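Note sheet for the following structure.
The values are calculated or read from the model by the stated rules, or taken from the named source; none is laboratory data. Here the structure is a predicted model, which means the values were calculated and not measured. Positions of Cβ are generated from backbone atoms using ideal geometry, with glycine treated the same way; all protein chains shown enter the neighbour counts. The accessibility values were calculated without ligands, DNA or RNA, using every heavy atom of the protein model including side chains. Shrake-Rupley method; radii C 1.70, N 1.55, O 1.52, S 1.80 Å.
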Amino acid sequence: MSFLTRRMVIVAGLVLAAIAAAFALEFFLSPRPDQPFGHTQTGHAIGWAGLLLILLVFAYPIRKRFAKDRRWPKGWFQVHKAFGILGPMLILIHSGAHFHALVPVLALIAMGLVVVSGIAGQVLHYLALRTLNEQRRELVQQGLSEAEIQSRLHDLASREEVFRLWQCIHAPLTATFVVLMLMHIGGALYFGGL
């Protein structure tokens, strides 16, 4: 089994274990079967905390797109990855296995697709970096100047079609999730209050 395959199996196992743990935690925190944890004040607080973490996930693409220096914001990328897992986990604890309303269920499905898409993007990012590092070694062995190496690597990175295709999938999924999430929050506030 290759390193990448082994890593994907481990990540898939961890994701499934985390989902099961979130559902189990929600089940044990529910005061009664007819009153799910997500409908309690603590459940709402967990939902708001998950929302806050998910909103912090957007700091990375905003910083990347609108920064004046156009450098890669590596620290915000780490926040993006960590909170892109922790926020949805809190939302899973908030929601539990209660699928009684269409909009929250669709928002949960969209959120799951965004997380899976993000993990796939991380794999693509890893593969692209590995390819760029291999290419850099070859160009150094050819005796090219650092400026020429940087220029060629920049051209190679900008033509990475697989990563562009991934972005064309991840961005609309994220937009769909945001719309459904806002609909859920609006409906919950309108019909149930805080």
For this session: From the list I149, I185, I169, pick out the single residue that is in a helix (DSSP H, G or I), on the phi < 0 side of the Ramachandran plot, open to solvent by 80 Å² or more (accessible area, probe 1.4 Å) and modelled with pLDDT of 80 or more.
Result: I169
For this session: Name the residue, out of H44, H100, that is loosely packed, with under 13 Cβ neighbours inside 10 Å and under 13 Å from A188 (Cβ atoms).
Result: H100
Exercise. Applying the selection to segment 27-84, what residues are of a type in the set (S, T, N, Q) and farther than 27 Å from M183 by Cβ?
Worked result: Q78
Exercise. So which of L106, L129, L144 is modelled with pLDDT under 85, part of a helix (DSSP H, G or I) and either within 25 Å of the chain's Cα centre (by Cα) or surrounded by 11 or more Cβ atoms within 10 Å (Cβ to Cβ) (or both)?
Worked result: L129
For this session: Test S95 against the criterion of being open to solvent by less than 40 Å² (accessible area, probe 1.4 Å) and among the hydroxyl-bearing types (S, T, Y), and give yes or no.
Result: yes
Exercise. Does segment 74-96 contain at least one residue that is aromatic (F, W, Y) and not in a helix (DSSP H, G or I)?
Worked result: no
Exercise. Here are some residues: L86, L124, L132, L165. Which one is out of contact with any Lys or Arg (no Cβ under 8 Å at 6 or more places or on another chain) and in contact (Cβ under 8 Å) with a residue 40 or more places away in the chain?
Worked result: L124
